[in-house]
Amino acid sequence: MNTPRLAVLLGTHRSATALIPGLQQSRFALTHHCLEPAQLLEAIDDGAVDVALVSTGPRGLDVAALSALSRRHVPLVVLDSQPHHQRWTNFAGVVLGADSSIDLALSGLEAALRGEWLRQPVERAEVAAALPEAGFETKGESRIELRDGTAAG
């Protein structure tokens, strides 16, 4: 695969303006700049995406959308405000901070294509439990497992 086809769904304008120019100049072909999860899922279902870069939160993906993606088995890089949180412990993919640089995002995309799990160190349970969810609704679920679509609690 010489030029991987990339779809993005970024929840904030700041993330988009920080990352899109660098993505357009990378080896990835930015084929889909999605504004809602349904657009991303449609592009993946159509076979038009080799890897995806998405963010969580109110204007990004929620647990239901991440679970829907799990059934597509596409390499995925998730930008989250709490990439160290325990909910990502069993996530079969790449999780980066919401404010990641373009270089880190590109490294994450490369790792996702190779099937690697790129992860920040997980916080201790007592520290993680004291932190607010920062706009990411887990609906009582504490971990996300993308590949098989289940979440453990």
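Every number here is computed from the coordinates shown, using simple stated rules; none is lab data. These figures come from a predicted structure and were not determined experimentally. So basically every Cβ, Gly included, is an ideal-geometry build from the backbone, and we count neighbours across all protein chains shown.
Spin-label pair GLU42-GLN25: with each label point 7 Å from Cα along the Cα-Cβ axis, the two points sit 3.2 nm from one another. Centre-to-centre separation between the Cα atoms of segment 7-29 and those of segment 81-120: 15 Å.
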